[in-house]
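Working notes for the structure below.
The values are calculated or read from the model by the stated rules, or taken from the named source; none is laboratory data. Every value quoted in this text rests on a predicted model; they were computed, and no experiment measured them. So basically every Cβ, Gly included, is an ideal-geometry build from the backbone, and we count neighbours across all protein chains shown.
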Amino acid sequence: MGEVKKVALVTGASKGIGKSIVHKLLSNGYFVFGLSRTSPGIESRDFEFIPTDLGSYESVRSSFDKISEHQHSALEVLVNNAGVGVEGFLEDTSIEDWHTMFNVNVHGLFYCCKLAIPQMRKLQKGHIINIASIAGHTGIGGMSGYCATKFAVKGIGQSLFKEVRKDGIKVTTIYPGSTNTNFFDAIDSVEANTNMLDPNDIAQSVIEMVNSSSNYLPVDLEVRPLKPKG
């Protein structure tokens, strides 16, 4: 009988930080489920992609049902990474864009936590990692909607860890500064460049968090590029 691997779930797994996190978890011996709209194209017997609309509770619940059917052990790591950002002054932001950002960045995170916590509670262990943003600490002109969602992620993380620590479940929120990913493809005022954070470094931080000792609870981690302008 083969080795029973620890099971992790990563949202927004198709590219950028999420895809880097998937690769790091795979290289550290996890079986990983990736939830996103599009496939990351990762070929591994220890990875399964499940097309998911993170903004829909029905879609997320269906994905969790599939995970329960296929996994060989209970979910131990949840990485809430999926996020979208739309640039624009608040008064110019469309209702649709506002709702999209909250549906994915906040509601999707809530759905995943709500469904994962009962599984982790049965194990009396688990780790939820929320990928927020520096925009969850400081408001940015022209990004009020996105900042609002990331401030919400901060509030959820800082409250949730107090709710589940008694069950052996850790909750960590990571606040990356500007990162060299496709996120900036839709942001006209900023162009991604190599002076930004490397998503692989953020993924390494995730691995360090999930591999921390059982009595070590990292709550908030803020990371920034050392020399953002080179």
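Restricted to region 86-176, the set of helices (runs of 4 or more DSSP H) holding at least 1 residues that are touching a residue at least 60 places away in the same chain (Cβ under 8 Å) and surrounded by 22 or more Cβ atoms within 10 Å (Cβ to Cβ) comprises 108-123, 144-164. Go through the residues of region 217-229 one by one and say whether even a single one is at pLDDT below 80 and either touching a Phe, Trp or Tyr at 6+ places or on another chain (Cβ under 8 Å) or not acidic (Asp, Glu) (or both). Yes: region 217-229 contains one or more residues that are at pLDDT below 80 and either touching a Phe, Trp or Tyr at 6+ places or on another chain (Cβ under 8 Å) or not acidic (Asp, Glu) (or both). Scanning region 69-80 for residues that are under 17 Å from residue 46 (Cα atoms) and in contact (Cβ under 8 Å) with a residue 12 or more places away in the chain yields 70, 71, 72, 73, 74, 75, 76, 77, 78, 79.
Yes/no matrix, rows are residues, columns are (1) closer than 21 Å to residue 150 by Cβ; (2) touching a Phe, Trp or Tyr at 6+ places or on another chain (Cβ under 8 Å):
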site	(1), (2)
4	no, no
43	no, no
62	no, no
68	no, no
81	yes, no
98	yes, no
108	yes, no
113	yes, no
116	yes, yes
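So that you can scan it fast, the table gives a plain yes or no per residue for (1) under 29 Å from residue 177 (Cβ atoms); (2) at pLDDT below 95:
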| residue | (1), (2) |
| --- | --- |
| 5 | no, yes |
| 12 | yes, no |
| 15 | yes, yes |
| 22 | yes, no |
| 33 | yes, no |
| 59 | no, no |
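Yes or no, residue by residue, for (1) among the β-branched types (Val, Ile, Thr); (2) in contact with a strand residue (DSSP E or B) (Cβ under 7 Å, 6 or more places away or on another chain); (3) surrounded by fewer than 18 Cβ atoms within 10 Å (Cβ to Cβ); (4) touching a residue at least 40 places away in the same chain (Cβ under 8 Å):
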| position | (1), (2), (3), (4) |
| --- | --- |
| 4 | yes, no, yes, yes |
| 7 | yes, yes, no, yes |
| 14 | no, yes, no, no |
| 31 | no, yes, no, yes |
| 35 | no, yes, no, yes |
| 44 | no, no, yes, no |
| 48 | no, yes, yes, no |
| 54 | no, yes, no, yes |
